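To start, the structure under review is shown below, and the notes come after it.
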Ligand code: C5P
């Protein structure tokens with residue numbers, strides 16, 4: 001099970017809060033896993049990418065929808081790879097009607113979304129992603145511990161050749177033992193294969 005894209009959290013019938021995730025990393029992972037013979041379910045928030053063939057694609061918008069679909073999809077899975085940029089907060093209230101431009105300022109009240117990786121646990125390998133703009137390794141290690149992940153793939157979003165929207169990524173992969181594997185700048189498809197190599201190693205160990 002692979003997730004991709006940036007979730008969209010509605011404000012009113014015409015607006016939502018989202019982020020700059022292109023979905024490219026998640027789609028590359030889904031395609032790379034498919035090419036290795038895996039049966040892949042890609043749970044994706046909206047992207048501008050073409051649906052990969054040979055993969056079951058489930059389209060979602062919000063973090064809550066992604067959680068509901070992922071919960072069901074992991075029933076018979078060997079691995080969950082959460083490459084999606086899930087919104088951390090969503091509007092407390094979704095306005096039934098379009099919010100009108102009447103006040104000089106507008107304050108939105110936001111609440112935390114459910115943490116999918118923090119919630120969906122089971123007998124499968126769990127891989128998270130961490131997009132950071134500071135203290136990359138320290139923050140990624142904390143997320144790995146908090147979410148009890150097997151692996152975390154961390155990238156520094158302050159460099160332009162890596163991360164959101166780019167076709168390439170310079171990532172570090174950190175495992176449960178805290179070991180750090182620094183990868184060079186690579187096309188996302190090659191990063192996907194490196195991540196899958198690690199997943200396969202974990203699966204064969206167990
Ligand atoms: O805590 P942070 O959002 O930086 O963690 C990133 C990882 O956690 C990603 O793998 C992302 O897909 C996942 N995540 C999640 N549910 C959330 C927020 C993030 O599963 N609500």
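Each reported figure results from applying straightforward, stated rules to the coordinates on display, with no laboratory input. On a predicted model such as this, the values are computed, not experimentally measured, just so you know. Positions of Cβ are backbone-derived with ideal geometry, glycine not excepted, and every protein chain shown enters the neighbour counts.
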- Message: Can you tell me the orientation of helix 136-146 relative to the chain, as the angle in degrees between its alpha-carbon axis and the longest Cα principal axis, to the nearest 10?
- Response: 90
- Could you work out how far helix 188-205 tilts from the main Cα principal axis of the chain, as a 0 to 90 degree angle to the nearest 10? 60
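Which order do peptides 124-133, 92-101, 107-116 fall in by mean Cβ count within 10 Å, highest first?
Going from most to least packed, we get 124-133, 107-116, 92-101.
For the range 139-206, what D do you get in µm² per second when you plug the Kirkwood radius from alpha-carbon pairs into Stokes-Einstein at 10 °C and 1.306 mPa s?
Numbers: Rh = 12.5 Å.
Using the Kirkwood radius from Cα pairs, D works out to 127 µm²/s.
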- Task: Work out, step by step, the length gained on full extension between residue 105 and residue 48: first 0.36 nm times the residue separation, then minus their alpha carbon distance; give nm to one decimal.
- Result: 17.3 nm
- Figure the gain on full extension for residue 168 and residue 138 (residue separation times 0.36 nm, minus the Cα-Cα span) and round it to one decimal in nm. 8.5 nm
- Taking the chain as the reference, fit the longest principal axis to its C-alpha atoms, fit the long axis of helix 24-35 to the helix C-alpha atoms, and give the angle between the two in degrees, 0 to 90, nearest 10. 40
- Helical mean residue ellipticity (222 nm; -39500 (n - 2.57) per DSSP H run of 4+; nearest 500) of the chain: -8500 deg cm²/dmol
- For the chain, treating each Cα as an identical point scatterer without solvent, what Debye log10 I(q)/I(0) comes out at q = 0.08, 0.18 1/Å? -0.27, -1.30
- Note on the structure: The orientation-averaged projected area of the Cα convex hull of the range 80-179, in nm², is 9.2
